[in-house]
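What follows is a single structure, written as structure tokens, with notes after it.
The values are calculated or read from the model by the stated rules, or taken from the named source; none is laboratory data. No experiment lies behind these values; they were computed from the predicted model shown. With ideal geometry, Cβ positions are generated from the backbone for all residues, glycine too; neighbour counts draw on all protein chains shown. Surface areas here come from the heavy atoms of the whole protein model, side chains and all, with no ligands, DNA or RNA. Shrake-Rupley method; radii C 1.70, N 1.55, O 1.52, S 1.80 Å.
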Amino acid sequence: MRKTKKKQKHYYSGKKKRHTLKTQVIASSTGSILSIRTGKGKTHDFKLFKESKESKRVSDKAVLADSGYQGIAKICPNATIPHKRKMNIPLTSEQKQDNHTLSSKRIMVEMINAKIKVFKIVKYPYRNRRKRFGLRMNLICGIINLDNKQVNGGFWDGLNE
């Protein structure tokens, strides 16, 4: 196997059947982006989280994660993930209500994801150098954080004093 083929193999996502890059965004409930982590497309979301420093920082805080983070309760006791139905056993109405409540709390994260997709770096295939992908994602997240501060008034209030 050639050297380039070996390198590309790490970025091949079997789920999407293409070479991908993965981005993990950790956001607060106020809508500001706290941390960003990038990885190879083959890496699982939860593995990316476990390898990061953020897993140790958020261990005592309340974490609202999606269903890709099964087992996060071992690292973060205050973590909440949606209930998954088991084979031939549907969710109860109470579990459905819990999932609905969780998704309504997680809406801020989904709005941040939508703001990142406006920049088209995640939406379309990334055709530039892989080493610079993390830098560009950090810049985009910085712009989004700055925009959120301007909308909330915190940025301009500090300048007027």
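If DNA, RNA and ligands are ignored and the probe is 1.4 Å, what is the ranking of LEU34, LEU48 by accessible area, most exposed first?
On the way: LEU34 105, LEU48 5 Å².
Largest accessible area first, the residues go LEU34, LEU48.
Given a cut-off of 31 Å, name the pairs among LYS53/LYS84; LYS15/LYS120; LYS7/LYS117; LYS6/LYS105 whose C-alpha atoms lie farther apart than that in the structure shown. Kindly include the intermediate steps, with their values, before the conclusion.
Working: LYS53/LYS84 28 Å; LYS15/LYS120 21 Å; LYS7/LYS117 27 Å; LYS6/LYS105 41 Å.
With Cα atoms farther than 31 Å apart: LYS6/LYS105.
Spelling out what I want: for every residue of segment 19-32, take phi, set θ = phi - 60°, compute 6.51 cos²θ - 1.76 cosθ + 1.60 (Karplus), and round to whole Hz; glycine and proline get x.
7, 9, 10, 10, 10, 10, 10, 10, 10, 8, 6, 7, x, 8
Would you pull out the residues with amide H under 5 Å of ALA79's amide H, same chain only if 5 or more places away, H placed 1.01 Å from N?
VAL63
Can you work out the Karplus-derived ³J(HN,Hα) for every residue in segment 83-90? Use 6.51 cos²θ - 1.76 cosθ + 1.60 with θ = phi - 60°, whole Hz, and x for glycine or proline.
Karplus-based 3J(HN,Hα) across segment 83-90 equals 6, 10, 6, 9, 4, 6, 10, x Hz.
Cross-link list LYS5/LYS115; LYS42/LYS115; LYS115/LYS149: which exceed 26 angstrom alpha carbon to alpha carbon? Working shown, then result.
Working: LYS5/LYS115 34 Å; LYS42/LYS115 24 Å; LYS115/LYS149 14 Å.
Pairs exceeding 26 Å: LYS5/LYS115.
Can you give me the long-range amide H partners of SER35? Hydrogens built in the peptide plane at 1.01 Å from N, cutoff under 5 Å, separation of 5 or more residues or another chain.
ILE26
Within straight cross-link reach of LYS56, meaning Cα distance under 16 Å, which lysines are found once same-chain residues fewer than 8 apart are removed?
Output for LYS56: LYS47, LYS74.
Long-range amide H contacts for LYS22: which residues qualify at under 5 Å (H placed 1.01 Å from N, peptide plane, sequence gap of 5 or more or a different chain)?
Close amide H contacts, sequence-distant or interchain: GLY39, LYS40, GLY41.
Take the Cβ-Cβ distance between HIS100 and THR4 as r, set R0 to 45 Å, and report the resulting FRET efficiency rounded to the nearest 0.05.
Details: r = 47 Å, r/R0 = 1.04.
Calculated value: 0.45.
Using a cut-off of 14 Å between beta-carbons, work out the net charge of the residues near GLU54 (Lys and Arg +1, Asp and Glu -1, GLU54 not included). Present the calculation step by step, with values, prior to reporting the outcome.
On the way: positive: ARG37, LYS47, LYS50, LYS53, LYS56, ARG57, LYS61; negative: ASP45, GLU51, ASP60.
Cβ neighbours under 14 Å give a net charge of +4.
Leaving ligands and nucleic acids out of the surface, order VAL58, VAL122 by accessible area at 1.4 Å, largest first. Let's see the in-between values first.
Details: VAL58 25, VAL122 65 Å².
Sorted by accessible area, descending: VAL122, VAL58.
If ligands, DNA and RNA are left out, what is the accessible area of GLU54 with a 1.4 Å probe, given in Å² to the nearest 10?
30
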